[in-house]
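As C-alpha coordinates, the structure follows; a few thoughts come after it.
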Amino acid sequence: MKEDFLKYQGQTTPHPLGIEITSAKGSYIYDANNKKYLDFVAGVSANSVGHSNEAVNKAITEQLQAYTHVMVYGEFIQEPQLNLCKALVNSLPDSLNSVYLVNSGAEATEGALKLAKRFTNRYEIIAAKNAYHGNSAGAMSVCGSEEQNSAFRPLIPGTRFINFNNEKDLEKITTKTAGVILETIQGGAGFIEPKNDYLRKVKEKCDEVGALLILDEIQTGVGRTGTFWGFENYNVIPDIIITGKGLGGGMPIGAFIASYEVMDTLKENPKLGHITTFGGHPLISAAGLATINEINDRNLTKEALRKEQIIREQLASHRLVKEIRGKGLMLSLIMESSEIADTVVLEGFNQGLILFWLLYEKRAVRITPPLTISESELLEGCKILTNILNNIIDKAPL
Ligand code: PLP
(Lines give C-alpha, C1' and ligand atoms only; values in the text may rest on other atoms or scores of the structure.)
Protein backbone atom coordinates (compact mmCIF):
# COMPACT_ATOMS: atom_id res chain seq x y z
CA MET A 1 0.00 0.00 0.00
CA LYS A 2 2.77 2.49 0.93
CA GLU A 3 4.55 1.87 -2.38
CA ASP A 4 1.37 2.71 -4.28
CA PHE A 5 0.81 5.76 -2.07
CA LEU A 6 4.27 7.04 -2.97
CA LYS A 7 3.81 6.15 -6.62
CA TYR A 8 0.30 7.36 -7.41
CA GLN A 9 -0.36 10.21 -5.01
CA GLY A 10 1.29 13.57 -5.47
CA GLN A 11 3.62 13.96 -2.52
CA THR A 12 4.01 16.98 -0.27
CA THR A 13 7.29 16.11 1.45
CA PRO A 14 10.10 13.60 0.91
CA HIS A 15 9.19 11.95 4.22
CA PRO A 16 5.42 11.54 4.69
CA LEU A 17 4.27 9.77 7.85
CA GLY A 18 2.47 7.22 5.67
CA ILE A 19 0.26 5.67 8.36
CA GLU A 20 -2.51 3.64 6.73
CA ILE A 21 -5.81 4.65 8.26
CA THR A 22 -8.72 2.24 8.56
CA SER A 23 -11.12 4.07 10.87
CA ALA A 24 -11.48 6.94 13.31
CA LYS A 25 -13.94 7.55 16.12
CA GLY A 26 -14.09 10.25 18.77
CA SER A 27 -10.53 11.12 19.81
CA TYR A 28 -8.94 8.01 18.28
CA ILE A 29 -7.63 7.01 14.86
CA TYR A 30 -6.90 3.35 13.96
CA ASP A 31 -4.37 2.02 11.43
CA ALA A 32 -4.18 -1.11 9.29
CA ASN A 33 -2.26 -2.94 12.04
CA ASN A 34 -5.08 -2.15 14.44
CA LYS A 35 -2.85 0.29 16.27
CA LYS A 36 -4.80 2.94 18.12
CA TYR A 37 -3.66 6.56 18.13
CA LEU A 38 -4.94 9.22 20.49
CA ASP A 39 -5.42 12.30 18.35
CA PHE A 40 -3.89 15.48 19.76
CA VAL A 41 -3.99 17.23 16.37
CA ALA A 42 -7.55 16.82 15.02
CA GLY A 43 -6.56 16.91 11.36
CA VAL A 44 -4.76 20.19 12.06
CA SER A 45 -7.63 21.82 13.98
CA ALA A 46 -10.29 20.56 11.56
CA ASN A 47 -11.97 17.72 13.48
CA SER A 48 -13.45 20.09 16.02
CA VAL A 49 -16.18 17.72 17.25
CA GLY A 50 -14.21 14.47 17.06
CA HIS A 51 -14.00 11.78 14.43
CA SER A 52 -17.21 10.31 13.01
CA ASN A 53 -19.29 12.58 15.17
CA GLU A 54 -22.79 11.10 15.28
CA ALA A 55 -24.70 14.37 14.95
CA VAL A 56 -22.53 15.44 11.98
CA ASN A 57 -22.86 12.03 10.32
CA LYS A 58 -26.63 12.07 10.82
CA ALA A 59 -26.95 15.53 9.27
CA ILE A 60 -24.87 14.47 6.26
CA THR A 61 -26.80 11.23 5.80
CA GLU A 62 -30.19 12.94 6.01
CA GLN A 63 -29.12 15.57 3.50
CA LEU A 64 -27.73 12.85 1.23
CA GLN A 65 -31.22 11.36 1.00
CA ALA A 66 -32.73 14.74 0.02
CA TYR A 67 -30.28 16.18 -2.52
CA THR A 68 -26.57 16.80 -3.08
CA HIS A 69 -25.23 19.32 -5.60
CA VAL A 70 -27.95 21.05 -7.59
CA MET A 71 -26.53 24.35 -8.82
CA VAL A 72 -23.53 26.70 -8.57
CA TYR A 73 -23.41 28.79 -5.40
CA GLY A 74 -25.83 31.68 -5.11
CA GLU A 75 -28.65 30.85 -7.53
CA PHE A 76 -31.00 28.41 -5.82
CA ILE A 77 -32.30 28.64 -2.28
CA GLN A 78 -30.93 25.59 -0.46
CA GLU A 79 -32.01 25.25 3.13
CA PRO A 80 -28.76 23.71 4.47
CA GLN A 81 -26.76 26.67 3.12
CA LEU A 82 -29.20 29.21 4.43
CA ASN A 83 -29.36 27.60 7.88
CA LEU A 84 -25.57 27.57 8.13
CA CYS A 85 -25.31 31.22 7.06
CA LYS A 86 -27.93 32.19 9.65
CA ALA A 87 -26.17 30.26 12.42
CA LEU A 88 -22.88 31.95 11.54
CA VAL A 89 -24.46 35.40 11.56
CA ASN A 90 -26.11 34.63 14.92
CA SER A 91 -22.69 33.80 16.36
CA LEU A 92 -21.20 37.14 15.28
CA PRO A 93 -21.50 40.84 16.14
CA ASP A 94 -24.28 42.68 14.24
CA SER A 95 -21.91 44.20 11.69
CA LEU A 96 -20.81 40.79 10.36
CA ASN A 97 -24.07 39.72 8.85
CA SER A 98 -23.50 38.40 5.32
CA VAL A 99 -21.86 35.03 4.61
CA TYR A 100 -20.31 33.68 1.43
CA LEU A 101 -19.68 29.91 1.65
CA VAL A 102 -16.70 28.42 -0.18
CA ASN A 103 -14.71 25.19 -0.26
CA SER A 104 -11.58 25.80 1.77
CA GLY A 105 -9.68 28.23 3.92
CA ALA A 106 -7.52 29.31 1.00
CA GLU A 107 -10.59 30.13 -1.07
CA ALA A 108 -12.03 32.11 1.85
CA THR A 109 -8.80 34.13 1.89
CA GLU A 110 -9.10 34.72 -1.85
CA GLY A 111 -12.69 35.89 -1.46
CA ALA A 112 -11.86 38.24 1.42
CA LEU A 113 -8.94 39.82 -0.45
CA LYS A 114 -11.07 40.33 -3.55
CA LEU A 115 -13.82 41.81 -1.43
CA ALA A 116 -11.49 44.31 0.26
CA LYS A 117 -10.18 45.41 -3.13
CA ARG A 118 -13.61 45.63 -4.65
CA PHE A 119 -15.12 47.60 -1.75
CA THR A 120 -12.27 50.10 -1.35
CA ASN A 121 -11.33 50.33 -5.01
CA ARG A 122 -7.68 50.01 -3.92
CA TYR A 123 -5.30 47.12 -4.45
CA GLU A 124 -2.65 47.23 -1.75
CA ILE A 125 -2.87 44.52 0.91
CA ILE A 126 -0.92 44.55 4.16
CA ALA A 127 -0.09 41.17 5.67
CA ALA A 128 2.16 39.93 8.47
CA LYS A 129 5.55 38.27 8.30
CA ASN A 130 5.29 34.55 9.06
CA ALA A 131 1.56 34.60 8.35
CA TYR A 132 -0.21 31.62 6.80
CA HIS A 133 -3.48 32.11 4.95
CA GLY A 134 -3.59 29.21 2.49
CA ASN A 135 -1.78 27.92 -0.56
CA SER A 136 -3.55 29.11 -3.69
CA ALA A 137 -1.53 31.79 -5.50
CA GLY A 138 -3.57 34.72 -4.15
CA ALA A 139 -3.50 33.41 -0.59
CA MET A 140 0.22 32.69 -0.89
CA SER A 141 0.78 36.33 -1.83
CA VAL A 142 -0.22 37.26 1.72
CA CYS A 143 1.73 34.45 3.39
CA GLY A 144 4.78 35.86 5.09
CA SER A 145 7.42 33.24 4.36
CA GLU A 146 9.88 34.03 1.60
CA GLU A 147 11.28 30.50 1.92
CA GLN A 148 7.91 29.09 0.83
CA ASN A 149 6.98 31.84 -1.63
CA SER A 150 10.12 32.54 -3.61
CA ALA A 151 9.92 29.45 -5.84
CA PHE A 152 6.43 30.47 -6.96
CA ARG A 153 6.94 34.15 -7.79
CA PRO A 154 5.60 36.25 -9.33
CA LEU A 155 2.62 36.14 -6.99
CA ILE A 156 0.03 38.92 -6.77
CA PRO A 157 1.77 42.30 -6.59
CA GLY A 158 0.82 45.02 -4.10
CA THR A 159 1.37 43.15 -0.83
CA ARG A 160 3.40 44.80 1.93
CA PHE A 161 4.47 42.97 5.06
CA ILE A 162 4.48 44.16 8.66
CA ASN A 163 5.71 42.54 11.85
CA PHE A 164 2.86 41.08 13.92
CA ASN A 165 2.46 42.90 17.26
CA ASN A 166 4.70 45.78 16.12
CA GLU A 167 2.77 49.03 16.54
CA LYS A 168 5.34 51.14 14.74
CA ASP A 169 4.75 49.14 11.56
CA LEU A 170 1.12 50.29 11.50
CA GLU A 171 2.41 53.42 9.75
CA LYS A 172 2.56 51.26 6.63
CA ILE A 173 -1.26 51.13 6.59
CA THR A 174 -2.23 54.16 4.49
CA THR A 175 -4.97 55.53 2.26
CA LYS A 176 -3.55 53.23 -0.43
CA THR A 177 -4.39 50.15 1.63
CA ALA A 178 -7.42 48.08 0.63
CA GLY A 179 -7.18 45.60 3.48
CA VAL A 180 -5.01 44.34 6.30
CA ILE A 181 -5.10 40.58 6.72
CA LEU A 182 -3.96 38.99 9.97
CA GLU A 183 -4.46 35.71 11.75
CA THR A 184 -6.14 36.42 15.08
CA ILE A 185 -3.48 34.22 16.67
CA GLN A 186 -0.55 33.57 14.35
CA GLY A 187 -0.54 29.81 13.69
CA GLY A 188 2.44 28.66 11.63
CA ALA A 189 4.59 31.33 13.29
CA GLY A 190 4.29 29.54 16.62
CA PHE A 191 0.82 30.27 18.08
CA ILE A 192 1.59 33.91 18.79
CA GLU A 193 -1.16 35.89 20.47
CA PRO A 194 -1.75 39.58 19.80
CA LYS A 195 -0.42 41.69 22.68
CA ASN A 196 -1.30 45.12 24.15
CA ASP A 197 -4.57 45.54 22.31
CA TYR A 198 -2.67 45.16 19.03
CA LEU A 199 -5.66 44.08 16.94
CA ARG A 200 -7.80 46.95 18.20
CA LYS A 201 -5.00 49.35 17.25
CA VAL A 202 -4.79 47.82 13.78
CA LYS A 203 -8.55 48.25 13.40
CA GLU A 204 -8.33 51.91 14.49
CA LYS A 205 -5.62 52.54 11.92
CA CYS A 206 -7.71 50.80 9.26
CA ASP A 207 -10.71 52.97 10.14
CA GLU A 208 -8.55 56.10 9.96
CA VAL A 209 -7.44 55.38 6.39
CA GLY A 210 -10.55 53.61 5.08
CA ALA A 211 -8.99 50.13 4.84
CA LEU A 212 -10.75 46.91 5.87
CA LEU A 213 -9.44 44.63 8.59
CA ILE A 214 -9.64 40.96 7.63
CA LEU A 215 -9.13 38.51 10.48
CA ASP A 216 -8.25 34.94 9.60
CA GLU A 217 -10.27 32.81 12.03
CA ILE A 218 -9.67 29.59 10.11
CA GLN A 219 -7.84 28.05 13.01
CA THR A 220 -8.88 30.23 15.97
CA GLY A 221 -12.60 30.19 15.22
CA VAL A 222 -15.48 27.86 16.02
CA GLY A 223 -14.80 27.40 19.71
CA ARG A 224 -11.14 26.46 19.67
CA THR A 225 -9.79 29.36 21.72
CA GLY A 226 -12.38 29.53 24.49
CA THR A 227 -14.73 31.96 22.76
CA PHE A 228 -16.71 31.07 19.65
CA TRP A 229 -14.50 33.39 17.57
CA GLY A 230 -10.90 34.10 18.51
CA PHE A 231 -11.24 37.87 18.04
CA GLU A 232 -13.73 38.01 20.94
CA ASN A 233 -10.70 37.60 23.21
CA TYR A 234 -9.00 40.72 21.89
CA ASN A 235 -11.39 43.65 22.07
CA VAL A 236 -11.82 44.07 18.31
CA ILE A 237 -14.49 43.57 15.65
CA PRO A 238 -13.01 43.10 12.17
CA ASP A 239 -14.62 44.15 8.88
CA ILE A 240 -14.28 40.71 7.33
CA ILE A 241 -13.58 37.30 8.86
CA ILE A 242 -12.54 34.15 7.12
CA THR A 243 -13.30 30.73 8.52
CA GLY A 244 -12.88 27.08 7.53
CA LYS A 245 -11.27 24.02 9.13
CA GLY A 246 -13.23 23.24 12.33
CA LEU A 247 -16.45 24.68 10.95
CA GLY A 248 -16.95 21.58 8.79
CA GLY A 249 -16.64 19.04 11.61
CA GLY A 250 -14.24 17.07 9.38
CA MET A 251 -15.66 18.13 6.03
CA PRO A 252 -14.03 20.62 3.61
CA ILE A 253 -15.38 24.11 4.08
CA GLY A 254 -14.58 27.81 4.05
CA ALA A 255 -16.47 31.07 4.33
CA PHE A 256 -15.81 34.80 4.23
CA ILE A 257 -18.14 36.97 6.23
CA ALA A 258 -18.63 40.75 6.11
CA SER A 259 -21.35 43.36 6.44
CA TYR A 260 -24.16 43.25 3.93
CA GLU A 261 -22.93 46.60 2.53
CA VAL A 262 -19.40 45.28 1.87
CA MET A 263 -20.53 41.87 0.60
CA ASP A 264 -23.06 43.38 -1.76
CA THR A 265 -20.27 44.82 -3.93
CA LEU A 266 -19.61 41.33 -5.32
CA LYS A 267 -22.97 41.11 -7.00
CA GLU A 268 -22.65 43.71 -9.79
CA ASN A 269 -20.18 45.73 -11.90
CA PRO A 270 -19.11 43.06 -12.61
CA LYS A 271 -21.74 40.65 -11.41
CA LEU A 272 -20.41 37.29 -10.22
CA GLY A 273 -17.53 38.92 -8.31
CA HIS A 274 -16.75 35.52 -6.82
CA ILE A 275 -17.83 32.25 -8.41
CA THR A 276 -17.80 28.77 -6.97
CA THR A 277 -19.48 25.60 -8.16
CA PHE A 278 -19.37 23.61 -4.95
CA GLY A 279 -19.14 26.33 -2.28
CA GLY A 280 -21.97 25.80 0.21
CA HIS A 281 -22.43 22.20 -0.90
CA PRO A 282 -25.57 20.88 0.84
CA LEU A 283 -23.82 17.96 2.58
CA ILE A 284 -21.02 20.19 3.80
CA SER A 285 -23.41 22.91 4.93
CA ALA A 286 -25.47 20.35 6.85
CA ALA A 287 -22.26 19.13 8.49
CA GLY A 288 -21.31 22.74 9.32
CA LEU A 289 -24.60 23.48 11.02
CA ALA A 290 -24.47 20.22 13.00
CA THR A 291 -20.94 21.13 14.08
CA ILE A 292 -21.99 24.57 15.35
CA ASN A 293 -24.92 22.99 17.21
CA GLU A 294 -22.66 20.36 18.79
CA ILE A 295 -20.23 23.02 19.95
CA ASN A 296 -22.98 25.14 21.46
CA ASP A 297 -25.11 22.33 22.92
CA ARG A 298 -22.12 20.67 24.57
CA ASN A 299 -20.61 23.93 25.79
CA LEU A 300 -17.34 22.98 24.08
CA THR A 301 -16.17 26.57 23.77
CA LYS A 302 -15.94 27.17 27.53
CA GLU A 303 -14.69 23.63 28.03
CA ALA A 304 -11.71 24.44 25.82
CA LEU A 305 -10.42 26.79 28.52
CA ARG A 306 -10.75 24.17 31.25
CA LYS A 307 -8.97 21.65 29.03
CA GLU A 308 -6.21 24.17 28.33
CA GLN A 309 -5.61 24.38 32.08
CA ILE A 310 -5.31 20.59 32.32
CA ILE A 311 -2.67 20.55 29.59
CA ARG A 312 -0.76 23.44 31.14
CA GLU A 313 -0.86 21.83 34.59
CA GLN A 314 0.46 18.55 33.21
CA LEU A 315 3.21 19.86 30.97
CA ALA A 316 4.25 23.45 31.74
CA SER A 317 6.70 22.56 34.49
CA HIS A 318 8.57 19.91 32.52
CA ARG A 319 12.23 20.78 32.14
CA LEU A 320 12.17 20.36 28.35
CA VAL A 321 9.12 22.56 27.82
CA LYS A 322 10.42 26.11 27.44
CA GLU A 323 7.03 27.66 26.97
CA ILE A 324 3.42 26.74 26.19
CA ARG A 325 1.93 29.16 23.69
CA GLY A 326 -1.61 29.71 22.47
CA LYS A 327 -5.07 29.71 23.92
CA GLY A 328 -7.81 27.15 24.62
CA LEU A 329 -7.16 24.00 22.62
CA MET A 330 -4.80 25.75 20.22
CA LEU A 331 -1.53 25.17 22.10
CA SER A 332 2.07 24.58 21.17
CA LEU A 333 4.93 23.32 23.31
CA ILE A 334 8.11 25.21 22.54
CA MET A 335 11.20 23.00 22.83
CA GLU A 336 14.80 24.08 23.03
CA SER A 337 15.53 22.95 19.48
CA SER A 338 13.85 21.66 16.34
CA GLU A 339 15.64 18.34 16.88
CA ILE A 340 13.88 17.83 20.20
CA ALA A 341 10.54 18.84 18.66
CA ASP A 342 11.11 16.30 15.86
CA THR A 343 11.89 13.55 18.34
CA VAL A 344 8.78 14.33 20.39
CA VAL A 345 6.47 14.26 17.37
CA LEU A 346 7.94 11.09 15.86
CA GLU A 347 8.11 9.26 19.17
CA GLY A 348 4.49 10.30 19.73
CA PHE A 349 3.51 8.31 16.64
CA ASN A 350 5.49 5.30 17.90
CA GLN A 351 3.71 5.46 21.23
CA GLY A 352 0.22 5.98 19.80
CA LEU A 353 -0.13 9.74 20.30
CA ILE A 354 -0.66 12.00 17.30
CA LEU A 355 1.27 15.25 17.59
CA PHE A 356 2.44 17.50 14.77
CA TRP A 357 4.73 20.34 13.75
CA LEU A 358 3.97 23.98 12.98
CA LEU A 359 4.77 25.38 9.55
CA TYR A 360 7.49 27.92 10.36
CA GLU A 361 8.31 27.60 14.08
CA LYS A 362 10.34 24.41 14.00
CA ARG A 363 10.82 24.19 17.78
CA ALA A 364 7.09 23.80 18.31
CA VAL A 365 4.98 20.71 18.97
CA ARG A 366 1.33 21.21 18.08
CA ILE A 367 -1.46 20.29 20.49
CA THR A 368 -4.87 20.94 18.91
CA PRO A 369 -7.08 17.99 19.89
CA PRO A 370 -10.76 17.67 19.04
CA LEU A 371 -12.77 20.01 21.30
CA THR A 372 -14.72 16.91 22.37
CA ILE A 373 -11.67 15.23 23.90
CA SER A 374 -12.43 13.98 27.43
CA GLU A 375 -10.47 14.83 30.54
CA SER A 376 -9.21 11.25 30.90
CA GLU A 377 -8.06 11.21 27.26
CA LEU A 378 -6.24 14.48 27.80
CA LEU A 379 -4.50 13.07 30.86
CA GLU A 380 -3.62 9.91 28.95
CA GLY A 381 -2.02 11.98 26.15
CA CYS A 382 -0.15 14.20 28.58
CA LYS A 383 1.20 11.09 30.33
CA ILE A 384 2.53 9.70 27.04
CA LEU A 385 4.05 13.11 26.26
CA THR A 386 5.70 13.31 29.68
CA ASN A 387 7.18 9.83 29.20
CA ILE A 388 8.56 10.85 25.83
CA LEU A 389 10.12 13.98 27.32
CA ASN A 390 11.57 12.01 30.26
CA ASN A 391 13.10 9.47 27.87
CA ILE A 392 14.75 12.28 25.92
CA ILE A 393 16.38 13.50 29.14
CA ASP A 394 17.43 9.95 30.11
CA LYS A 395 19.04 9.38 26.71
CA ALA A 396 20.79 12.75 26.52
CA PRO A 397 24.60 12.61 26.93
CA LEU A 398 25.63 13.80 30.38
N1 PLP B 1 -5.49 30.22 7.28
C2 PLP B 1 -5.03 29.59 8.37
C3 PLP B 1 -4.77 30.37 9.61
C4 PLP B 1 -4.78 28.22 8.34
O5 PLP B 1 -4.31 27.59 9.43
C6 PLP B 1 -5.04 27.50 7.14
C7 PLP B 1 -4.75 26.06 7.05
O8 PLP B 1 -3.89 25.53 7.70
C9 PLP B 1 -5.53 28.20 6.04
C10 PLP B 1 -5.73 29.57 6.14
C11 PLP B 1 -5.82 27.49 4.74
O12 PLP B 1 -6.91 26.65 4.86
P13 PLP B 1 -7.10 25.46 3.80
O14 PLP B 1 -5.98 24.49 4.04
O15 PLP B 1 -8.46 24.90 4.12
O16 PLP B 1 -7.04 26.06 2.45
Show me the strands (runs of 3 or more DSSP E) found entirely inside the range 134-252 where at least 3 residues are surrounded by 20 or more Cβ atoms within 10 Å (Cβ to Cβ), in contact (Cβ under 8 Å) with a residue 40 or more places away in the chain and more than 11 Å from the ligand (Cβ to nearest atom). 177-183
Residue under question is Lys117, and the condition is that it be farther than 21 Å from Gly244 by Cα, within 21 Å of the chain's Cα centre (by Cα) and open to solvent by 10 Å² or more (accessible area, probe 1.4 Å); does it hold? no
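Within the range 254-271, is even one residue closer than 15 Å to Ile292 by Cα, more than 16 Å from the ligand (Cβ to nearest atom) and either open to solvent by less than 10 Å² (accessible area, probe 1.4 Å) or of a type in the set (Ser, Thr, Tyr) (or both)?
Within the range 254-271 (the criterion being closer than 15 Å to Ile292 by Cα, more than 16 Å from the ligand (Cβ to nearest atom) and either open to solvent by less than 10 Å² (accessible area, probe 1.4 Å) or of a type in the set (Ser, Thr, Tyr) (or both)), the answer is no, since none of the residues qualifies.
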Hits in the range 51-78 (condition: in a helix (DSSP H, G or I), touching a residue at least 24 places away in the same chain (Cβ under 8 Å) and not β-branched (Val, Ile, Thr)): Ala55, Lys58, Ala59, Glu62, Gln63, Leu64, Ala66
Please work out which residue is nearest to the ligand (Cβ to nearest atom), limiting yourself to the range 33-58 and to residues that are surrounded by fewer than 23 Cβ atoms within 10 Å (Cβ to Cβ) and at positive phi. Val44
Selected residue [crowded, with 22+ Cβ neighbours inside 10 Å and either more than 16 Å from the ligand (Cβ to nearest atom) or not in a helix (DSSP H, G or I) (or both)] from Ala112, Ala127: Ala127
Is the range 203-213 home to any residue that is within 17 Å of Phe119 (Cα to Cα) and among the basic types (Lys, Arg)? yes
Among the residues that make up the range 154-168, is at least one of them in contact with a strand residue (DSSP E or B) (Cβ under 7 Å, 6 or more places away or on another chain) and among the aliphatic types (A, V, I, L, M)? yes
Condition met for Ser317 (of a type in the set (Ser, Thr, Tyr), surrounded by fewer than 24 Cβ atoms within 10 Å (Cβ to Cβ), away from the ligand (no atom under 16 Å from the Cβ) and outside the structural domain of Gly226 (by TED's automatic domain parsing)): yes
Restricted to the range 80-109 and to residues being among the small types (Gly, Ala, Ser) and away from the ligand (no atom under 15 Å from the Cβ), the residue surrounded by the fewest Cβ atoms within 10 Å (Cβ to Cβ) is Ser95
Among the residues of the range 273-280, is there at least one that is within 26 Å of Glu54 (Cβ to Cβ), surrounded by fewer than 24 Cβ atoms within 10 Å (Cβ to Cβ) and within 16 Å of the ligand (Cβ to nearest atom)? yes
Boolean, Ser259 is at negative phi, under 18 Å from the mean Cα position of the chain (by Cα) and not assigned by TED's automatic domain parsing to the domain that holds Ser374: no
Here is a list of conditions, (1) under 16 Å from Phe356 (Cβ atoms); (2) touching a helix residue (DSSP H, G or I) at 6+ places or on another chain (Cβ under 9 Å), and Ile21 meets all of them except one; can you say which number that is? (2)
Filter result for Tyr30 (outside any helix (DSSP H, G or I), of a type in the set (Phe, Trp, Tyr) and open to solvent by less than 50 Å² (accessible area, probe 1.4 Å)): no
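The values are calculated or read from the model by the stated rules, or taken from the named source; none is laboratory data. Keep in mind it's a predicted model, so treat the numbers as computed, not measured. Every residue, glycine as well, gets a Cβ built from its backbone with ideal geometry; the counts of neighbours run over all protein chains shown. Accessible surface areas use protein heavy atoms only, side chains included; no ligands, DNA or RNA. Shrake-Rupley method; radii C 1.70, N 1.55, O 1.52, S 1.80 Å.
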